[in-house]
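Notes for the one structure printed next.
The values are calculated or read from the model by the stated rules, or taken from the named source; none is laboratory data. None of the values given here were measured: they were computed from a predicted structure. We place every Cβ from the backbone using ideal geometry, glycine too, and count neighbours over all the protein chains shown. Heavy atoms of the whole protein, side chains included, go into the accessibility calculation; ligands, DNA and RNA do not. Shrake-Rupley method; radii C 1.70, N 1.55, O 1.52, S 1.80 Å.
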Amino acid sequence: MDGGAKRTTGQPEMAILYEDNHLLGIEKPVNVPTQEDASGDPDLLNLLKEDLKRRYQKPGNVYLGLVHRLDRPVGGAMIFAKTSKAASRLAEAVRSRRFGKTYVAVVHGTPPQRQGRLTDTLLKDERTNTVAVVPAGTPGGKEARLDYKVLGVAAEERLSLVQVELHTGRPHQIRVQMSRIGCPLYGDQKYGAALNKPGQQIALWSLYIGFPHPVGKQPVDLISLPPRQYPWQLWEERVYTNLAAMLQAGENGF
């Protein structure tokens, strides 16, 4: 569409990355919950429903299907379904792995290998909303797999920029698995409290989402670049734009 020139109405204002009769792609602001939670804070799903209602003067309830989630502190590209048919077909694309998601993250230190796959068993504690790596076979544990690649190192800051491709969508997956190899995310208080200070913003961003359109079948590519602020600006913007272009061309560098 128009590459983010259009924006939602209301607060918080969000860039619209893609929109047609079936889909709504937006840039999620940081620190907004994806859906209603115990905090009672305004959530993305209801904010977008209200926006659609205002922009198109729709009476009654507005349908908007949640296809995937981002943790509250994470920003970047997200796609929603505007019809139940689109929601069902996107869910099938996710199940059949025709729904690609690429993240960038800033981590403390540098992974022992510049590129690799992490496979762990994760167990979520609903009481504390935390996730732990547990031995395989632990009751309730679920396999988590991701690929990562180091895109750059800021040696003086002792920080690295990594590309992450998810093969499973477990809660807090990137944060927990990167912490497990000794490289917690910058700003992550839950899984890197020893290295991060209160008030720092977690450096995890949904850079790219790609999938076949649920009706027209043509490729849909959503791209959202992280903000030009610390620690993201430790690397030139072309690092992010080059990666996005490569992903849009069907390559991921692995």
**Fill in**
Contact list, first residue from segment 42-66 and farther than 14 Å from Thr9 by Cα, second anywhere and open to solvent by 90 Å² or more (accessible area, probe 1.4 Å) and part of a helix (DSSP H, G or I), beta-carbon distance below 9 Å, six or more apart or interchain, is Val62/Glu50
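Residues of segment 80-100 being in contact with a helix residue (DSSP H, G or I) (Cβ under 7 Å, 6 or more places away or on another chain) and not aromatic (Phe, Trp, Tyr), which ones? Give the steps one after another, and end with the answer.
Keep residues of segment 80-100 that are in contact with a helix residue (DSSP H, G or I) (Cβ under 7 Å, 6 or more places away or on another chain), which gives 80-81, 99.
The one that is in contact with a helix residue (DSSP H, G or I) (Cβ under 7 Å, 6 or more places away or on another chain) and not aromatic (Phe, Trp, Tyr): Ala81.
Would you be able to tell me the number of residues in segment 142-154 that are open to solvent by 30 Å² or more (accessible area, probe 1.4 Å) and of a type outside the set (A, V, I, L, M, F, W, C)?
Count: 4.
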**Request:** With the condition kept exactly as written, say whether any residue in segment 160-181 is at pLDDT 95 or above, open to solvent by 60 Å² or more (accessible area, probe 1.4 Å) and either of a type in the set (A, V, I, L, M, F, W, C) or more than 30 Å from Arg95 (Cβ to Cβ) (or both).
**Result:** no
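If you scan segment 218-254, which residues turn out to be in a helix (DSSP H, G or I), aliphatic (A, V, I, L, M) and either open to solvent by less than 50 Å² (accessible area, probe 1.4 Å) or under 19 Å from Pro29 (Cα atoms) (or both)?
Residues of segment 218-254 that are in a helix (DSSP H, G or I), as a first pass: 232-234, 237-248.
Subset that is aliphatic (A, V, I, L, M): 234, 239, 243-247.
Result: Val239, Leu243, Ala244, Leu247.
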**Fill in**
Of the residues in segment 103-142, those that are over 15 Å from Thr168 (Cα atoms) and not in a loop (DSSP other than H, G, I, E, B) come to Val104, Ala105, Val106, Val107, His108, Gln115, Gly116, Asp125, Thr130, Ala132, Val134
**Residues of segment 110-133 satisfying the condition of being over 20 Å from the mean Cα position of the chain (by Cα) and either open to solvent by less than 30 Å² (accessible area, probe 1.4 Å) or closer than 21 Å to Pro219 by Cβ (or both)** = Pro111, Thr121
**Complete:** Checked Arg145, Arg89 against criteria (in a strand (DSSP E or B), among the charged types (D, E, K, R) and modelled with pLDDT of 95 or more); the one match is Arg145
